[in-house]
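So the structure is just underneath, and the comments pick up after that.
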């Protein structure tokens, strides 16, 4: 990074371009480059003092976890209990040691930086590490984990969805925040090749299981994200799917059962106990349609004093929701990215007969105090 680094000049644009390159890698749906992926993993085995494994390719991470269970593959703890005495343990230790060395190099340089360079490092962490972690690790990888057969004690690498760490250290090196040892730069190159060539993989002593990348992956910008983070979303089909048919349905980042997307009904919503899934299903069909289909009884409605031009509506909870109470239907005070305001329902105690009182209760104030609000968010 140049000594005259400026957060508002072309360097900020350069970070955006770097992030977008890594984001494209993380969201890639092309078939895996098996030759590159196998050669990269073989390097990791060799660096760990292990012979090249047999490579077994599977169509999805779910198929990989199934194979691990079926074949009885497992890792071995060391006798003193300090780690995994196996290929995955050796590789994980090698990665961890490399990150510690690179972190130490960055920290050593940080103490002598001027304010602008400190701000630059924070910007790199936010726009690269945090943004990619939110999109790929917290988002995509989390959805894939819901498809897997539980496997106890295994070490999994996420390939393309593990990009945030690799990208962060690579960017710090590119911008001159630290000079890394040759072995760490070489290891970053191997990890970059893996993120650019394959999806999930599992290392065992004699075999490495490699999973293909998804065939479909749909994401949208996260509202309000200043660093370009995205979340999984598709309103009509799976947000992520693999060639063997394993899939996950996701609405605006919320992982939901398939019926929420494909066939939401008032009856299914009434029997759903998960509040977040129920909310997604209602919003999928729209509150007006749900109110009609579920036959909700309007208890009270009034103008929302904290949100000019919008209504507060209080409904009796439908039968089958599993608990008594009422639903307060309101409109978000802030605009979504598409320029609209989202309607949302809040569960409030059943003793309320006034929509104004119910709205005040959600803020911990009385209805009278709420009526004095000029603007809410």
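The values are calculated or read from the model by the stated rules, or taken from the named source; none is laboratory data. Predicted, not measured: the structure shown is a model, and the values here were computed from it. We place every Cβ from the backbone using ideal geometry, glycine too, and count neighbours over all the protein chains shown.
Listing for the model above:
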{"quantity": "Options 178, 203: the member that is assigned by TED's automatic domain parsing to the domain that holds residue 87, closer than 23 Å to residue 65 by Cα and either surrounded by 21 or more Cβ atoms within 10 Å (Cβ to Cβ) or at pLDDT below 95 (or both)", "calculated": "203"}
{"quantity": "Count of residues meeting criterion [in contact with a strand residue (DSSP E or B) (Cβ under 7 Å, 6 or more places away or on another chain), without any contact (Cβ under 8 Å) to a residue 60 or more places away in the chain and buried (at least 19 other Cβ atoms within 10 Å of the Cβ)] in the stretch 242-263", "calculated": "4"}
{"quantity": "Those strands (runs of 3 or more DSSP E) lying entirely in the stretch 202-241 with at least 2 residues farther than 30 Å from residue 44 by Cα and in contact (Cβ under 8 Å) with a residue 40 or more places away in the chain", "calculated": "219-221, 230-232"}
{"quantity": "Hey, residue 181 free of Cβ contacts under 8 Å to residues at least 24 places away in the same chain, more than 21 Å from residue 131 (Cα to Cα) and more than 19 Å from the chain's Cα centre (by Cα) or not", "calculated": "no"}
{"quantity": "Criterion violated by residue 189 - all others in (1) assigned to a loop (DSSP other than H, G, I, E, B); (2) free of Cβ contacts under 8 Å to residues at least 24 places away in the same chain satisfied", "calculated": "(1)"}
{"quantity": "Given (1) under 23 Å from residue 135 (Cβ atoms); (2) surrounded by 12 or more Cβ atoms within 10 Å (Cβ to Cβ); (3) at pLDDT below 90, index of the condition residue 24 fails", "calculated": "(3)"}
{"quantity": "Of all residues in the stretch 135-146 being touching a strand residue (DSSP E or B) at 6+ places or on another chain (Cβ under 8 Å) and surrounded by 17 or more Cβ atoms within 10 Å (Cβ to Cβ), the one that is farthest from residue 222 (Cα to Cα)", "calculated": "144"}
{"quantity": "Test: residue in the stretch 38-61 that is under 28 Å from the mean Cα position of the chain (by Cα) and either part of a loop (DSSP other than H, G, I, E, B) or modelled with pLDDT under 95 (or both)", "calculated": "yes"}
{"quantity": "Residue 64 touching a strand residue (DSSP E or B) at 6+ places or on another chain (Cβ under 6 Å) and modelled with pLDDT of 85 or more", "calculated": "yes"}
{"quantity": "Selection within the stretch 157-178 - out of contact with any strand residue (DSSP E or B) (no Cβ under 6 Å at 6 or more places or on another chain) and not in a helix (DSSP H, G or I)", "calculated": "158, 175, 176, 177, 178"}
{"quantity": "Within the stretch 289-306, tally of residues that are surrounded by fewer than 19 Cβ atoms within 10 Å (Cβ to Cβ) and more than 30 Å from residue 368 (Cβ to Cβ)", "calculated": "4"}
{"quantity": "Near pairs, Cβ below 7 angstrom, 6+ apart or cross-chain, from the stretch 354-373 (farther than 10 Å from residue 328 by Cα) to any residue that is loosely packed, with under 15 Cβ neighbours inside 10 Å", "calculated": "360/366; 360/369; 370/363"}
